[in-house]
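Take a look at the structure below.
All of the numbers you see were taken from the coordinates with simple rules; none came from a lab. Everything quoted here is computed from the prediction, not taken from an experiment. Positions of Cβ are generated from backbone atoms using ideal geometry, with glycine treated the same way; all protein chains shown enter the neighbour counts.
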């Protein structure tokens with residue numbers, strides 16, 4: 001009854017083209033933001049932050065990044081883990097080289113460095129397509145991780161080969177290092193996630209995003225109608241890698257605190273992010289959040305049910321999780337190739353007509 | 001002496017290449033017949049090897065799960081199955097797997113874009129990996145079906161007498177080469193001279209035309225996936241005997257992907273040649289360049305080589321020319 005466009009009169013094109021055209025949606029969006037910023041930081045404890053909310057926000061950023069490349073521009077990438085490693089090691093080098101500069105600038109710069117690396121590995125996409133490209137991005141994955149393991153300069157010649165985030169503060173609050181409080185971690189990630197999601201949403205519905213989608217739907221046809229494939233594909237790689245790099249920087253500096261390239265940014269991370277995008281929905285910002293939430297919550301849930309409830313061993317639960325995730329991927333691709341985002345959209349469509357669907 | 005040492009490495013690289021080619025072969029078969037780029041081929045090899053070990057040692061499938069769910073302690077039936085019989089049983093399991101995959105996955109994805117199918121096989125790979133672990137446990141298993149292993153003295157003495165330097169070649173590698181050659185010959189013979197083989201090639205050529213002359217697409221797909229399962233089994237036996245049955249097997253199998261890109265997705269000889277080039281190239285690169293950059297270049301050399309190569313020739317060495325139309 002309340003979920004309608006009716007009665008909400010738009011008086012300008014700007015109003016008409018906004019992201020949430022329905023009033024209830026808009027309110028819901030503001031309400032979620034208000035709760036996320038004003039309520040959650042005060043009630044959050046370290047279990048919720050470390051097990052659920054912080055990884056959710058970080059993976060959501062990475063998923064948005066991959067979604068821009070795969071969902072919007074149609075270039076499948078299996079190198080996400082490698083690009084996250086670039087972001088992590090870039091922020092580490094910057095943090096240790098310029099301790100006086102605020103960390104936020106470091107994180108953004110790490111994203112920019114990753115964008116450059118991403119463009120470099122995106123160059124072959126001008127010649128290679130489809131799963132040829134997917135396999136070619138594996139080169140980025142394996143090469144980058146190897147590079148960070150083998151060249152001591154990247155981990156500042158530390159004996160363990162690990163990188164450790166030194167303590168940095170924003171406005172006097174520690175955001176990296178062991179003394180960081182749960183709410184500080186959460187707030188940093190939340191700010192980045194919200195700002196980046198807003199940027200992604202507005203990029204993808206503007207002319208840049210339309211070019212990406214034209215390339216995705218058929219690149220030759222797009223070229224003929226005047227989309228330059230060079231700039232479109234490389235910009236997709238750059239923007240996507242920027243997001244992924246920031247996610248990698250946050251994952252290392254804020255969430256993990258210490259990382260080792262092959263362990264934290266291995267090929268499994270690439271697949272995890274890809275699965276988030278598939279389950280959440282290709283070509284949807286909301287889907288990236290939904291997919292990230294799903295795949296962050298699933299292991300926590302399974303662990304709570306199987307290990308805590310039934311008393312099953314943890315390794316068995318981990319294997320069953322593999323099976324469930326794999327089966328879900330296949331299930332989603334068969335039943336709903338557009339993922340959770342599409343299901344959400346269908347629900348809203350039904351709600352719009354409820355209770356008189358005819 | 002330097003030269004002889006390098007050629008020994010080259011030869012060993014060739015042998016490793018045969019192993020890659022074995023996995024790549026399974027990819028090509030499925031790709032040609034159904035247009036599906038089967039990412040799960042590597043995990044299928046792992047799964048086949050696990051099943052083989054499980055059957056040979058008489059392990060109870062899902063023992064871990066049963067123990068956890070019912071609080072009992074079962075682990076083994078208490079018998080052992082001879083190698084050959086176990087291989088046959090495992091082959092049957094792989095056929096069963098092919099049927100299940102066709103019924104549950106492929107049937108529903110007919111006509112989807114190739115990239116969707118590719119991602120579905122990634123999901124399949126995860127599922128199979130989890131299933132293998134739940135069924136047989138995730139421990140590193142030793143696999144011994146009676147293939148000879150260790151240094152081949154015959155080759156060593158022969159080369160020692162001839163060149164004054166004994167080549168070190170693993171007998172398993174020689175066997176793998178022989179078996180791979182036999183497998184390829186059998187596959188070529190099958191696809192050229194039998195009725196089903198001809199039907200398979202027809203399907204590969206054009207799905208609709210094949211359907212219209214009365215070839216059952218679904219039967220052919222089941223057959224092709226079964227054959228690919230069998231090829232995976234052979235590859236799994238070889239790799240499993242060499243380095244134990246463990247998760248890293250599926251990562252080694254991932255290297256079949258650059259092999260394929262190099263050789264072209266649609267060509268069986270391409271898979272072999274690509275395998276040999278990659279196997280050889282990565283060993284030589286590791287030997288000459290590796291020490292300068294810190295070693296372990298085998299992790300990425302194959303991928304980077306394939307990437308650079310593809311930029312110049314997107315269809316691979318032997319692949320069909322890619323023609324694009326609007």
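General observations
- Mean projected area in nm² (Cα convex hull; one quarter of hull surface) for the protein assembly as shown: 35.9 nm²
- Inter-site label distance for residue B:113 and residue A:46 at 7 Å from Cα along Cβ, in nm: 4.5 nm
- Computed from the C-beta positions of residue B:247 and residue A:314 and an R0 of 22 Å, the FRET efficiency is 0.85 to the nearest 0.05.
- The alpha-carbon positions of region B:46-92 define a convex hull whose volume is 67 Å³ per residue.
- Alpha-carbon centroids, region A:8-66 and region A:102-171: separation in whole Å: 28 Å
- Here the spin labels are modelled as points 7 Å beyond Cα on the Cα-Cβ line, and at residue B:62 and residue A:9 they lie 6.5 nm apart.
- Inverse of mean 1/r across different Cα pairs in region A:141-291, Kirkwood, Å: 17.8 Å
- Chain B: relative contact order in percent, alpha carbon pairs under 8 Å with at least 6 residues between: 33 percent
- Quotient of Cα Rg and 2.2 N^0.38 Å for region A:220-278, N being how many residues it contains: 1.53
- Fluctuation leader among B:258, B:291, B:82 - chain B, Gaussian network, Cα springs under 10 angstrom: B:291
- Gyration tensor (Cα) of region B:37-254, equivalent ellipsoid semi-axes in angstrom: 32, 28, 15
- On a per residue basis, the convex hull of the C-alpha atoms belonging to region B:188-326 measures out at 152 Å³.
- Cα gyration tensor, region A:238-358 - rounded (a/c under 1.5), prolate or oblate: oblate
- Contact order relative to length of chain A, as percent, for alpha carbon pairs under 8 angstrom and 6 or more apart: 28 percent
- Cα→Cβ-extended label distance, 7 Å offset, between residue A:39 and residue B:185, nm: 7.4 nm
- Shape of region A:45-108, Cα gyration tensor, a/c cut at 1.5: oblate
- With contacts taken as Cα pairs under 8 Å at a separation of at least 6 residues, region A:225-358 carries a relative contact order of 23 percent.
- Between region A:265-327 and region B:218-255, the Cα center-to-center distance that results, in Å: 26 Å
- Near-label residues of region B:41-64 by backbone N, under 15 Å of a point 7 Å along Cα→Cβ of residue B:147: B:45-53
- Computed FRET value (nearest 0.05) for residue B:171 with residue A:347, which takes r as the C-beta separation and R₀ as 51 Å: 0.20
- Global geometry of region A:22-264, whether rounded, prolate or oblate, following the gyration tensor of its Cα atoms and the 1.5 cut on a/c: oblate
- Projected area, mean over directions - region A:112-202, Cα convex hull, nm²: 8.9 nm²
- Here region A:71-101 is scanned for amide nitrogen atoms under 12 Å from the site 7 Å beyond the Cα of residue A:179 along Cα-to-Cβ, giving none.
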